[in-house]
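Worksheet for the structure shown next.
The values are calculated or read from the model by the stated rules, or taken from the named source; none is laboratory data. The structure presented is a predicted model; accordingly, all values stated were derived computationally and were not measured. A quick note on method: Cβ atoms are made from the backbone with ideal geometry, for glycine too, and the neighbour counts reach across all protein chains shown. All accessible areas refer to the heavy atoms of the entire protein, side chains included, with ligands and DNA or RNA removed. Shrake-Rupley method; radii C 1.70, N 1.55, O 1.52, S 1.80 Å.
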Amino acid sequence: ISPPVMHLSPGQLKVVLILALLQELQVKPQRNVFQELLEKDLRLCPACFPDQREHCEDFFRKISEPSDWSRLMKAVSLLFDRRMVYFVELKEEDQVTQLVAKRKHIDQWKVNSKDLENEFLELKERLGGFHLCRTYPRKPRFVSYLEQRGHASASVWFYMMHYVSPLLMQELYSLDFPVPRTFASCGLTHFQSYAGRSLTHYVQAEEDLRLKLAIQLLQLALKLTVGFSDFRIYLTDFTADNLAYDEASRKVIVIDLDSVVLVDAQSTLGQVQKYEPLPGEGFTFDVSALCSGQQLDANVYQACLLVRDVLLKNVDNKRLQLLLEQCVWCQDDLCDMRFQKAYDLIKLLDS
């Protein structure tokens, strides 16, 4: 007699597969994962995150636990992609908020907080990273500014060295810049509000919406250049992938601030300058040029490039296309500075 055959429905097979893989991969509850990462960071640099434990542990308790299937898929993805980005639901009373948790991986097992200042000041230019224009021989005013805002000194140097987004995003949000709200910074894991889909999803959207997005990009470029407290912000990743559109608020949001050059305008003697593109595709730049003047129109150049080549490349408007060309190339006989071209474009797009 043949043994009985067990027939499982597709749904039952899925459950069996999940349970088997969960056991194999030892997938942990998500809040436990974040707790363990925080403990790891506290061991990495005990002096760098002195006041985070209590707030973060309370925050972790408010995180809604995702389904086994979602946790499984995240565990599997981490086997192939080491970028640690989690989509998280925060539950407070009757309200659920969608968040994104981003974690920066660094190849160190111990950081001496006493060495952070010298290590940062001795850093050479980092492509795609954070660069604070030097103000030798004195302590950078940006560090003093953050300390006055309540940040611990070791924490400031650590984040500037390894992961500036948590530090800069929290400050810019409080000053009404279009960045996600920070809900918690827990060591090297940063929890920010979900800002919507990136602008790459809107390149084929209705023309009226794309015109409005273009206005906001130009306004953003000007706002970053003005900066705050005499600090100029040059975003070196002014791309459609690093910008999102929040459909609820109808705002363009900068979703990552790791690639930034920050200039202390009080420490430079230069004047307003025109950005001169270097050979190569996209935005190519020389940090020394960004650091040399009071105001450089590099943000406006990038905004015009993004609008011309991505958002509005198929719009049939000769005046608009001419202004965008002039803004991108800004030849001396037709263009003194790109700032005026940005204002002209905003006026045209808004008419």
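Legend: residues 109, 157, 329, sorted from most to least accessible area (1.4 Å probe; ligands, DNA and RNA excluded), read 109, 329, 157.
What does the charge add up to near residue 141, with Lys and Arg as +1, Asp and Glu as -1, over the other residues with Cβ less than 11 Å from its Cβ? With Lys, Arg at +1 and Asp, Glu at -1, the neighbours total -1.
Comparing 333, 297, 258 in a Gaussian network model of the chain (Cα springs below 10 Å), the most mobile by mean-square fluctuation is 333.
Quick one: which of 40/102; 102/212; 124/341; 223/251; 62/212 span more than 25 angstrom between C-alpha atoms? Pairs exceeding the cut-off: 102/212; 124/341; 62/212. Packing around the peptides 148-156, 182-190, 249-257, taken as the average count of other Cβ atoms within 10 Å per residue, puts them in this order, highest first: 182-190, 249-257, 148-156. Once both labels are modelled 7 Å past Cα along the beta-carbon direction, what's the residue 64-residue 351 spacing in nm? Going from the residue 64 label point to the residue 351 one covers 4.8 nm.
Shape verdict for region 285-325, please, from the Cα gyration tensor: rounded (a/c under 1.5), prolate (a/b greater than b/c) or oblate. The shape class here is prolate.
The HN-Hα couplings worked out from phi for region 94-107 by the Karplus form 6.51 cos²θ - 1.76 cosθ + 1.60 (θ = phi - 60°) are 9, 10, 10, 10, 7, 10, 10, 9, 10, 10, 9, 9, 10, 8 Hz, whole numbers, x standing for Gly and Pro.
With respect to the chain, whose longest principal axis is taken over its alpha-carbon atoms, helix 153-162 is tilted by about 90°.
Structural descriptor for region 208-348: relative contact order 25 percent, calculated from alpha carbon pairs under 8 angstrom and at least 6 residues apart. Accessible surface for residue 291 stands near 30 Å², nearest 10, in the context of the full protein assembly shown (1.4 Å probe). Rounded, prolate or oblate: which one fits region 194-351, using the alpha carbon gyration tensor with axes a ≥ b ≥ c (rounded when a/c is under 1.5, else prolate when a/b beats b/c, else oblate)? Verdict is oblate for region 194-351. Pop the C-beta distance of residue 316 and residue 284 into the FRET formula with R0 = 41 Å and round what comes out to the nearest 0.05. Once rounded, the FRET efficiency stands at 0.85. Shape class for region 261-351, computed from the alpha carbon gyration tensor (a ≥ b ≥ c): prolate, with a/c not under 1.5 and a/b above b/c. Of the listed values (i) 49; (ii) 41; (iii) 54, identify the label whose number matches percent of Cα pairs over 29 Å apart calculated from this model. Among (i) 49; (ii) 41; (iii) 54, the one derived from this structure is (i).
By a 1.4 Å probe calculation restricted to protein chains, residue 208 has an accessible surface near 100 Å², given to the nearest 10. Work through the residues other than residue 186 whose Cβ is under 14 Å from its Cβ and net out their charges, Lys, Arg +1 and Asp, Glu -1. Neighbourhood net charge equals +2.
Against the chain, whose longest principal axis is taken from its Cα atoms, helix 338-349 shows a tilt of about 70°.
Loop only by DSSP, 12 or fewer other Cβ within 10 Å of the Cβ. Give me the trypsin sites (Lys or Arg not before Pro) in region 95-131 that pass, ordered by residue number. Those that pass, being in a loop and sparsely packed, are 110, 124, 126.
Roughly to the nearest percent, how much of the accessible area of the chain is carbon and sulfur, given a 1.4 Å probe? Whole-percent figure for carbon plus sulfur exposure: 51. Using C-alpha pairs below 8 Å separated by at least 6 residues, the relative contact order for the chain is 15 percent. Per residue, the chain exposes 54 Å² of solvent-accessible protein surface, assessed with a 1.4 angstrom probe and all protein chains in place. Sorting 171, 207 on solvent-accessible area from highest to lowest, probe radius 1.4 Å, gives 207, 171.
Accessible surface comparison of 272, 33, 179, probe 1.4 Å, protein chains only, largest first: the order is 272, 33, 179.
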